[in-house]
Amino acid sequence: MELLAEIGPWGAVATVAGIYAIFAMGLQVQVGHGGVDNFGQVAFFLIGAYASTILVEQHGMGLVAGTLAGMAIAMVAAVIVALPTLRLRGDFLAITTLAFGEILRNVAVNERGLTKGSAGIDAFTFRIDIVRELRRSLRDQDILVDRLAPLLILTWVLVLVVALVTWLLLRTPWGRVLRAVREDDAAVRALGKNAFAYRAQAMALGAAWAALAGTLYAWNQVHFSPSGFEPIVTFAGFVIIIAAGLGTIWGTVLMAILIQGVLIEGSRYWLDTGLPNAQEASLRYMVVGLALMLIVRFRPQGLFGSRAEMAAADE
Amino acid sequence: MSEPLLQVDGITKRFGGLTAVDDVGFSLEPGTITALIGPNGAGKSTLFHCVSGFIRPDGGTVRFNGRGVSRRSAHGRAQLGMVRTFQIPTAFNRLTVFENVELAARDQPADRLVGALVPGLGRLRRSAIRTRTNDLLETFGLADKADDLAGELSGGQRKLLEFARVLMTEPQLLLLDEPLAGVNPALGERLFAHVNRLRSDHGMTFLFVEHDIRTVMDHSDRVLVMAQGALIADGDPETVRRDPAVVEAYLGGGE
Ligand SMILES: Nc1ncnc2c1ncn2[C@@H]1O[C@H](COP(=O)(O)OP(=O)(O)OP(=O)(O)O)[C@@H](O)[C@H]1O
Ligand SMILES: [Mg+2]
C-alpha cells in the first residue's frame, strides 16, 4: 500500500502553509479580536522554535513536553511584554513589540552558548527518531510513506485543532468581552471588567499558537538559525489576516494556503518567469503586496470579513 | 441617620496650570437622586472621572459603602457597585445591541478565560441574563434593534444603550454624565421614570449631570452646583435655583 508515498513539492508547500495558518491564528486572536497590534509575533515563533529545540535536543525532553514547554514559555514572555506595553495604544504598542522581536533575534545571534548563534541549531529528533522509526515499522507492513508526510499530516491536524479551539473560545462570553475591549476599553472597565487582563490573555493565547508554529517550523527545517526570524515573518502573518479579514478564523486558514502556500512558497512550481532566483523572490513579494493593496482598496473588510462590521467600526 | 453611600472629600485635579476640580467634597445618601450642574468646563466630568477611578486626582479621597476606594482601579470600583456612564456615549460598535447589554452582566463564569474553557459552565445563568437583556432593551425602546450592530445606532440611541448596559451590572450607585444629551424628550421622561422606579424598588442611588434646568428641577431631590472647579452650592432644587452665587455663575460667566 502506498500512503502518501510520494508527496512531492506541494506537500512541502502545504506544511509551510499550515505552519503559517497556526502562526496567523495567534495574530487573529490578538489583533483581530483583542485589538492588540502586536508587531512582534515572530518573537514568540522564535521562542517556540528555540525553547523546544534546546529542551528536546540538549536536555532530552520528549517532543510533546518540549513543544508544550515552548508554548508555556512564550505565554509567560507575552505577559511580561504585555505588562509595560499593553497600556500603550496603537503605534507605540506596534513599535515596542516590533523592537521586542528584533531584540530576541539578536539575543539568538549572540547567546551562542544557548543557540549556537548564526551558525544555527539542529532539531532533528522528530525527523530522525520519529519519522524514520515510523517509516521503518510501516514498511514492515508494506506501507510506504514519504519522509515529509508525517509532519504534513501532524501540521494540518494541529491547524484544525488550533482553529477549532480558537473558534470555540472566541464564541464564549470571554471572547465577547475581548471584542468589547477592542471596541472601547474604558467602557469595559466601567462595567467592572479588567480590560487589561483580557488583552494580556489574548496576547498569551496568540503567543502560544505562534510558539506551536515555531516548533513545527523547527522540525520542518531540521536546521535553522536566527535569520529565519526576521520581522518579515510577522508581516506575512499580518498580510494573511488582513487579506482574510480581521477576526475571521476559517478564512485565515484559507488565506494561509493561498498566500503563504500558493503565492509565496508555491509560485516557483507554477510560475516560470525565467528570472534569477533573487529577482523572482522579490517579484513574489511584489505580487503579494499588490494583491493586498487591491484587497484593501476594493474589499477593505478582507475576503472573508463582514462589510457591515467594517462599516460599524467607523462610527 | 444611615451612613452615606458615597463620601467624597477634598478631590482636586489639575491639568497643568488649570485646576479643573478644586477641593470638592460631598456625600450621597442611599436612595437619593442628585443632580450635578454647572457651566461648560466647570469640572463636572473631571469630577466623575476622579470619583469613578478613571483618572487619579492630585488629592482627595473617595469612600463607597463605608470603604476607602481611592486606590482601587476603575473596574474594581465598578465591581463594588459604583458604575458610571460617559458624556460621549460609548458603544461596542462591532457587537450587536443585544451583546452590548448582555456582556455587561456580572457573575458570568464563562466571561473569564478559565471559565470559558469549561464547556457549558454558567448555562443557567446565561439564560437568566438573556431574559434580563430582552427586558432592558424593551424598556429603552431598543428591542427591534437587538440584532443590529451597535455602530449603526443614532447618537440618542447610544445613550439609551449605554444606560441599559450599565443597568445590566445591577449597580448600587449610578453616575450618569449627561444621560439625556441627544435623547428625545418623551424617551427622556421614560428614562427618568425608570430611574425613579429603580430608586423606589431597589433603593438605587443616582448622581447625574444635566444642563436642562427643567429636567433637574423635575427629577432631582438635591442639586450640586460646580463652577470653575469648585462646588459653589448644594441644596434642594428650589433653594439652589434662587441662590445668587448660582445665578451669578450661570449668567455672569459670559462677561
Ligand atoms: N485631559 C485633560 N487635559 C487638559 N485639560 C482638561 C482635560 N480634561 C478636562 N480638561 C479641562 O478641565 C476643565 C473641566 O472640564 P470638564 O470636562 O470636567 O468640564 P464639564 O463641567 O464636564 O463641562 P461640560 O459641561 O462642557 O461637559 C475644562 O477647562 C477642560 O478644558
Ligand atoms: Mg462634561
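The values are calculated or read from the model by the stated rules, or taken from the named source; none is laboratory data. Model, not experiment: these values are computed from the prediction. Cβ: placed from backbone, ideal geometry, glycine included. Neighbour counts: every protein chain shown. Quick note on the areas: whole protein, heavy atoms, side chains included, nothing else; ligands and nucleic acids left out. Shrake-Rupley method; radii C 1.70, N 1.55, O 1.52, S 1.80 Å.
Observations on the structure shown:
- Residue under evaluation residue B:23, criteria (1) buried (at least 22 other Cβ atoms within 10 Å of the Cβ); (2) more than 11 Å from ligand 1 (Cβ to nearest atom); (3) over 15 Å from the mean Cα position of the chain (by Cα), criterion not met: (1)
- Positions within segment A:288-314 being out of contact with any strand residue (DSSP E or B) (no Cβ under 8 Å at 6 or more places or on another chain) and surrounded by fewer than 15 Cβ atoms within 10 Å (Cβ to Cβ), in sequence order: A:289, A:290, A:293, A:294, A:296, A:297, A:298, A:300, A:307, A:314
- Filtered residue count, segment A:69-109, keeping only those that are open to solvent by less than 20 Å² (accessible area, probe 1.4 Å) and assigned to a loop (DSSP other than H, G, I, E, B): 1
- Some residue of segment A:138-146 being buried (at least 21 other Cβ atoms within 10 Å of the Cβ) and either at pLDDT 95 or above or of a type outside the set (Lys, Arg) (or both): no
One line per residue, one yes/no per condition, for (1) part of a loop (DSSP other than H, G, I, E, B); (2) aliphatic (A, V, I, L, M):
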| residue | (1), (2) |
| --- | --- |
| B:163 | no, no |
| B:166 | no, yes |
| B:182 | yes, no |
| B:187 | no, yes |
| B:190 | no, no |
| B:201 | no, no |
| B:223 | no, yes |
| B:241 | no, no |
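- Of all residue pairs spaced 6 or more apart or on separate chains, those with beta-carbon atoms under 7 Å, a first member in segment B:73-84 that is on the phi > 0 side of the Ramachandran plot and a second member that is open to solvent by 30 Å² or more (accessible area, probe 1.4 Å) are B:81/B:172.
- Residue under evaluation residue B:79, criteria (1) modelled with pLDDT under 85; (2) over 24 Å from residue A:309 (Cβ atoms); (3) open to solvent by 60 Å² or more (accessible area, probe 1.4 Å), criterion not met: (1)
- Pair list, Cβ < 6 Å and 6+ apart or interchain, from segment B:22-51 residues that are within 14 Å of chain A (Cβ to nearest Cβ) and part of a helix (DSSP H, G or I) to residues that are open to solvent by 30 Å² or more (accessible area, probe 1.4 Å) and near ligand 2 (Cβ under 8 Å from one of its atoms): B:45/B:87
- Just one of the listed residues (A:266, A:274) is more than 14 Å from every other protein chain (Cβ to nearest Cβ) and surrounded by fewer than 14 Cβ atoms within 10 Å (Cβ to Cβ), namely A:274.
- Residue B:236 being surrounded by 14 or more Cβ atoms within 10 Å (Cβ to Cβ) and closer than 26 Å to residue B:195 by Cα: no
- Just one residue in the set B:195, B:166, B:209 is away from ligand 1 (no atom under 16 Å from the Cβ), within 18 Å of the chain's Cα centre (by Cα), within 30 Å of residue A:313 (Cα to Cα) and open to solvent by less than 20 Å² (accessible area, probe 1.4 Å); that residue is B:166.
- Screening residue B:159 with (1) touching a helix residue (DSSP H, G or I) at 6+ places or on another chain (Cβ under 6 Å); (2) outside the structural domain of residue B:21 (by TED's automatic domain parsing) gives one miss only, at (1).
- Residue check: residue B:91 meets all listed conditions (1) within 16 Å of ligand 2 (Cβ to nearest atom); (2) buried (at least 23 other Cβ atoms within 10 Å of the Cβ) but one, namely (1).
- Given (1) farther than 23 Å from residue A:181 by Cα; (2) buried (at least 19 other Cβ atoms within 10 Å of the Cβ); (3) out of contact with any His (no Cβ under 9 Å at 6 or more places or on another chain), number of the condition residue B:12 does not satisfy: (2)
- If only residues of segment B:141-161 that are more than 16 Å from ligand 1 (Cβ to nearest atom) and within 24 Å of residue B:51 (Cβ to Cβ) are counted, the one that is farthest from the other protein chains (Cβ to nearest Cβ) is B:160.
- Residue pairs meeting the criteria (Cβ under 6 Å; at least 6 apart or on separate chains; first more than 14 Å from chain A (Cβ to nearest Cβ) and β-branched (Val, Ile, Thr), in segment B:54-70; second open to solvent by less than 50 Å² (accessible area, probe 1.4 Å) and within 16 Å of ligand 2 (Cβ to nearest atom)): B:62/B:51
- Residue count, segment B:90-103 (criterion: under 14 Å from residue A:183 (Cα atoms), touching a residue at least 60 places away in the same chain (Cβ under 8 Å) and facing another protein chain (nearest Cβ under 9 Å)): 3
- Any hit, segment B:56-68, residues being open to solvent by less than 10 Å² (accessible area, probe 1.4 Å), out of contact with any Phe, Trp or Tyr (no Cβ under 9 Å at 6 or more places or on another chain) and outside any strand (DSSP E or B): no
- Residue that is nearest to the other protein chains (Cβ to nearest Cβ), among those in segment B:107-140 that are in a loop (DSSP other than H, G, I, E, B) and either surrounded by fewer than 16 Cβ atoms within 10 Å (Cβ to Cβ) or in contact with a Gly (Cβ under 8 Å, 6 or more places away or on another chain) (or both): B:108
- Qualifying residues in segment B:43-63 (those that are closer than 20 Å to residue B:222 by Cβ and touching a helix residue (DSSP H, G or I) at 6+ places or on another chain (Cβ under 8 Å)) - the one farthest from ligand 2 (Cβ to nearest atom): B:62
- Qualifying residue in segment A:239-251 (condition: under 24 Å from residue A:79 (Cβ atoms) and away from every other protein chain (no Cβ under 14 Å)): yes
- Top-ranked residue in segment B:35-50 [being out of contact with any Phe, Trp or Tyr (no Cβ under 9 Å at 6 or more places or on another chain) and either open to solvent by less than 30 Å² (accessible area, probe 1.4 Å) or away from ligand 1 (no atom under 15 Å from the Cβ) (or both); ranked as nearest to residue B:248 (Cα to Cα)]: B:42
- From the list B:175, B:149, B:167, B:161, the one residue that fits, being more than 16 Å from ligand 2 (Cβ to nearest atom), at pLDDT 90 or above, farther than 26 Å from residue A:308 by Cβ and hydrophobic (A, V, I, L, M, F, W, C), is B:167.
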